[in-house]
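Worksheet: the structure to be examined is printed underneath.
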Amino acid sequence: MNFIGLDQAKSDELALALNDLLANYQLYYQNLRGFHWNIKGPQFFELHAKFEELYTEAQEQIDEIAERILTLGATPIHSFGDYLAKAEIEPAVDVFDAENTVSITLKNIQTLISKERAILELAGEADDEGTSTLVGDYISGQEKTAWMLNAYLG
């Protein structure tokens, strides 16, 4: 048992999955920053504000994920090289138009949700309510955002 009363082996498995999620969040975050800075076209004002909202939320979630990894007794990865090596989400470079930035954001959110659902299952098996609550809250918010982005794309 670890210091919060969870099976150490299950906590270690969860920490690995959370580090993978952390890497993907870092790429998601950086893509949103780039979209916020570089969006062009008639939807500039609405998307500039939306991307800022999303990256601000992601920044908070990144911190929460890293702190959860620490709570489980592990170390969060913390180098861009590690993020790039682990993440499924890819850097979006030179993307400036509304349709592509929104499509990439939607795809990235779908990746995060998929990873979070897998973590939710692991957390349930480990009786880890803290991780379950954290990730469950993320899924709820991201599903709504995915719906809105999908509606935006028509």
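Side notes on the structure shown:
- Of all residues in segment 5-15, those satisfying the criterion of being touching a residue at least 24 places away in the same chain (Cβ under 8 Å), among the hydrophobic types (A, V, I, L, M, F, W, C) and either in a helix (DSSP H, G or I) or at positive phi (or both) are 14, 15.
- Residue in segment 54-77 that is under 23 Å from residue 146 (Cα atoms), of a type in the set (Val, Ile, Thr) and outside any helix (DSSP H, G or I) present: no
- Among residues of segment 42-61, those that are surrounded by fewer than 19 Cβ atoms within 10 Å (Cβ to Cβ), within 23 Å of residue 131 (Cβ to Cβ) and in contact with a helix residue (DSSP H, G or I) (Cβ under 8 Å, 6 or more places away or on another chain), counted: 2
Table: residues versus (1) part of a helix (DSSP H, G or I); (2) within 19 Å of residue 154 (Cβ to Cβ).
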site: 34; (1), (2): yes, no
site: 40; (1), (2): no, no
site: 89; (1), (2): no, no
site: 96; (1), (2): no, no
site: 99; (1), (2): yes, yes
site: 106; (1), (2): yes, yes
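- Any hit, segment 59-71, residues being at pLDDT 95 or above and either of a type in the set (Phe, Trp, Tyr) or touching an Asp or Glu at 6+ places or on another chain (Cβ under 8 Å) (or both): no
- Residues that are among the aliphatic types (A, V, I, L, M) and under 21 Å from residue 132 (Cα atoms) were ranked within segment 68-86; the one that is surrounded by the fewest Cβ atoms within 10 Å (Cβ to Cβ) is 70.
The values are calculated or read from the model by the stated rules, or taken from the named source; none is laboratory data. Here the structure is a predicted model, which means the values were calculated and not measured. Don't worry about glycine lacking a Cβ; one is built from the backbone with ideal geometry, like all the others, and counts go over all protein chains shown.
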